[in-house]
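See below for the structure under consideration.
The values are calculated or read from the model by the stated rules, or taken from the named source; none is laboratory data. Remember, predicted model here, so these are calculated numbers, not experimental data. A quick note on method: Cβ atoms are made from the backbone with ideal geometry, for glycine too, and the neighbour counts reach across all protein chains shown. Keep in mind that these areas ignore ligands, DNA and RNA; they rest on the heavy atoms of the full protein, side chains included. Shrake-Rupley method; radii C 1.70, N 1.55, O 1.52, S 1.80 Å.
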Amino acid sequence: MITIRPADTADQEKVLDLLRQLMTGASEESAINQPSGVEVFREVIKGETGAVLVAEEGDELLGLVTLSFPVAIRCGGAYSCIEEFIVTEKARGKGVGGKLLQAAISRAAEKGCEELQVNRPSDLGYPVYLAHGWEDLGKHLSLRPGRTAQ
């Protein structure tokens, strides 16, 4: 039976392994920095700045979704953003992604967020979002301060 639950410190290595799968093929700049990744994971699971929700069956993690809780005047306070969303290849097509998205929506609502966003969904994730009622609103821009623009 597949269950969705908040991650805890015991999930740290499995979560980082799943995120490495997500980042496969990404640029070296996008790779997970192990020491800071561990620190961020431990901070996020506290629940104030975000959440990590995992899907598991037995002792195996099948997927995860991470949320952040930024604040914006236009939203009247906190909103939520999906930062990472991955389902293992083995678990795809079994409803795991939908369950994770529903859990993310519920967690954002519990936190009082009026809006939930996702930026630059993967090619695999994009149709999952659309199938669960998400609306494509267009462009996403990014800049890394301190790096020389080209």
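Heavy atoms only, 1.4 Å probe, whole protein assembly: order VAL38, VAL128 by accessible area, highest first.
I get VAL128, VAL38, largest accessible area first.
For the range 65-150, what relative contact order do you get, as a whole percent, if you take Cα pairs closer than 8 Å and at least 6 residues apart?
For the range 65-150, the relative contact order is 28 percent.
Considering only protein heavy atoms and a probe of 1.4 Å, how much of the accessible area of the range 69-129 is carbon and sulfur, as a whole percent?
50
Cβ neighbours within 10 Å, averaged per peptide: list 78-84, 39-45, 51-57, 135-141 in order, most packed at the top.
51-57, 78-84, 39-45, 135-141
Picking from ALA72, VAL44, ALA109, whose Cα lies most toward the positive end of the charge dipole for the chain (charges on Cβ: Lys, Arg +1; Asp, Glu -1)?
ALA72
Where does the chain land at 222 nm, in deg cm²/dmol rounded to the nearest 500, when only DSSP H runs of n ≥ 4 count, each adding -39500 (n - 2.57), divided by all residues?
-9000 deg cm²/dmol
Taking every Cα atom in the chain, find the radius of gyration and the maximum pairwise distance Dmax, and write them in Å.
For the chain, the Cα radius of gyration and maximum Cα-Cα distance read 15.4, 50 Å.
Rounded to the nearest 20 debye, what is the charge dipole size of the range 1-143 about its Cα centre when +1 sits on each Lys and Arg Cβ and -1 on each Asp and Glu Cβ?
For this selection, approximately 320 debye.
So, for the chain, what is the accessible surface per residue at a probe of 1.4 Å, expressed in square angstrom?
Counting only protein heavy atoms, the per-residue value for the chain is 64 Å².
Which links in LYS14/LYS46; LYS99/LYS139; LYS90/LYS111 stretch past 23 Å when you go from one Cα to the other?
Flagged as over cut-off: LYS99/LYS139; LYS90/LYS111.
Suppose accessible area is computed on protein heavy atoms with a 1.4 Å probe; arrange SER36, SER142 from highest to lowest.
Per-residue accessible area, sorted high to low, gives SER142, SER36.
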